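Report on the following structure.
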Amino acid sequence: MKSYVEKVTLRSKNIAKITIKLCNILEYMHNEAGILHMDLKPENIIVDDNDDIFLIDLGSAVVANSKQRVNTGSPTFASPEQYLDEYATIQSDIYGLGMVMRFLCDHGDVSKENNMLDEIVKKCIKHEPSQRFKNVKKVRTELEIALNTFSSTEETFTYIFVSGIRRGIGVTHICLCLARWIREYTSVSVYDYSQNNHLRTEALKGNLESNGSFNLNMINIIPQTNETINIMDNSRVRIVDCGFLADNNIDKLKESLLSKSENNRAINLVVMGGGHGIYDELEQLKNVHKNCALFVNLVSARAFYDYANLLYEREMYRIPCIYDWQDSSDVLEQMLYEFKSEYLSEYVGKGRITAYDRICFFTKKIFGKKKKMER
């Protein structure tokens, strides 16, 4: 489990599911086998590729209800009575279970506003055994209640994969234009998978955050780290700058990013246009998935209508000429409103984030205060 948490993004729902499986194992051990494990810690828990749980290392196990005194266990995970040579009880394993839950929460992306898991942990690790849960079944019941709540309220994260039909067509510029507009309504990040320096150059104009990302005018820019570090990201909308990638490579990238959570959804966006000939680009579009939205960049209004007439079955949007992505444009704003009605209405419908909300955002980030960001 110790290496598992470094490879995945754990949310409240995932933590509840994992701990329920661990409760099932402990409940069988306590009730059917009559054994107390007495050394619950991440190193003694195996998570396989199907997220099934295995509990190993019974070197510290004792027979339940044997009134056996113990002085074994692992630091930070062992219960207080294990340090005091007192009797081993079910509550000793419950304490270890609570510490494993705390470990998962500390290494996961758990909303601070949601304290359901925190309350379960606190009761599991009470100093006095009599104040903890009476048995593992009661812990599992509380976790199942929490899991039902998480399943009904957990947010959806949207990935927008943006790629160009050729190099030099303005993919990074469009990613940043989209992010500038979306940030007015909800949190947004731009991921760099472009294999060029365009997004990196813009990112360096912002501030380096403690988690390895860059903050540029309320936009989180996530650099390509080749998985050498795991950057935690809570943004509701995540724009992925794919640059010019072959379609099969984009599919692999989508699979990698979307598999990190059950609540992810994808929008596919292809940038085309720019005077290389409509029919040449139509030939290249044969290898592009039909469910992609098309952003036509660097063309006149007349050329755009030529594209629209030839591709009348595709969702198409014309990008107006904007040299600085941070500049506002009524034409771009109108175009993006049309785009949102098809793809992003759940975010934009809530209205803009006000200056007051931005202050609340920084207050929450610095001091951990609970503030409402969206209106």
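Quick note: the coordinates plus some simple rules give every number you see, no bench work behind them. Given the structure is predicted, the values throughout are model-derived calculations rather than measurements. Cβ: placed from backbone, ideal geometry, glycine included. Neighbour counts: every protein chain shown.
In summary, the aspartates and glutamates within cross-link reach of Lys286, defined as a Cα separation below 18 angstrom excluding same-chain residues under 8 places away, comprise Asp247, Asp251, Asp306, Glu313, Glu315.
Report the local net charge at Asn50: Lys and Arg +1, Asp and Glu -1, summed over other residues whose C-beta lies under 13 Å from its C-beta. Show your work: numbers first, answer last.
Working: positive: Lys17, Lys21; negative: Asp48, Asp49, Asp51, Asp52.
In short, -2.
Neighbour counting of Cβ atoms within 10 Å sorts the residues Ser79, Ser60, Ser3, Ser213, fewest neighbours leading, into Ser3, Ser60, Ser213, Ser79.
In the set [x] 32; [y] 18; [z] 12, the label that goes with percent of Cα pairs over 39 Å apart computed for this structure is [x].
By the count of other C-beta atoms within 10 Å, a proxy for reagent exposure, Arg102, Arg132, Arg302 are ordered fewest to most as Arg302, Arg102, Arg132. The ranking of Cys175, Cys242, Cys292 by Cβ neighbour count inside 10 Å, starting from the fewest, reads Cys292, Cys242, Cys175. Mean Kyte-Doolittle of at least -1.0 and a Cα length of 20 Å or more along the axis: which whole DSSP H helices of the chain meet both? Membrane-span-like by this criterion, though nothing is claimed about a membrane: 12-28, 90-107, 136-153. Here r is the Cβ-Cβ distance between Lys137 and Thr225 and R0 is 30 Å; the resulting FRET efficiency, rounded to 0.05, is 0.10.
So which chymotrypsin sites (Phe, Trp or Tyr not before Pro) in region 286-318 are both in a DSSP loop and have at most 11 other Cβ atoms within 10 Å of their Cβ? Could you put the intermediate results ahead of the total?
On the way: sites: Phe295, Phe304, Tyr305, Tyr307, Tyr312, Tyr317; in loops: Tyr312.
Those satisfying the criteria are Tyr312.
Counting only residues at least eight positions apart within a chain, or on another chain, there are no aspartates and glutamates with an alpha carbon under 13 Å from that of Lys205.
The relative contact order of the chain comes to 14 percent, based on Cα pairs under 8 Å that sit 6 or more residues apart.
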